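Derivation of every value follows stated rules applied to the coordinates shown; laboratory data play no part. Here the structure is a predicted model, which is why all the values come from computation and not from measurement.
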Amino acid sequence: MGYQVEAKCLHCGTTFTVEHDGGFFSHLVRCDKCGKTKFIGFDELGELHLRYLKGLSGPYCIANAEYDEYVRTHVPLEPISESEYRRGIEDVAGRCACGGKYTLDAPPRCPNCHSTRLKEGRVIRRYD
Ligand SMILES: [Zn+2]
Ligand SMILES: [Zn+2]
């Protein structure tokens, strides 16, 4: 589901790699100030993720469909909406060492000058 691409900063010329999207078992969050990324595993979200699954009308992802179905029918939790879920993930992700906040939709940034003016190139690898 996730992938990593080559990127070049149009401001300072630094080349680096950028990750997009989380995997089957994690979400990718990015600092809104420095662009640092980290993965939040569904297991770290605990009940929050289960409540989100509960609120879906179908499985979250096919790889996990049986488990998702089990949660929907057997786990006695209050379902939450997509936006509540996203907020919850960002709460769990917390703050970056730079003082920024990890969010699900912060843009990728150059690790050198923190510019968001990037040119993305070929996909280097894909991950689950
Ligand atoms: Zn740069
Ligand atoms: Zn940061």
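Assorted remarks:
- Calculated [θ] (222 nm, deg cm²/dmol) that DSSP helices of n ≥ 4 give over the chain, each run adding -39,500 (n - 2.57): -7500 deg cm²/dmol
- Counting every pair of alpha carbons in segment 2-127, the share spaced more than 20 Å apart comes to 50 percent.
- Evaluated over the chain, the count of Lys pairs having alpha-carbon atoms less than 22 Å apart is 10 (only pairs 8 or more residues apart or interchain).
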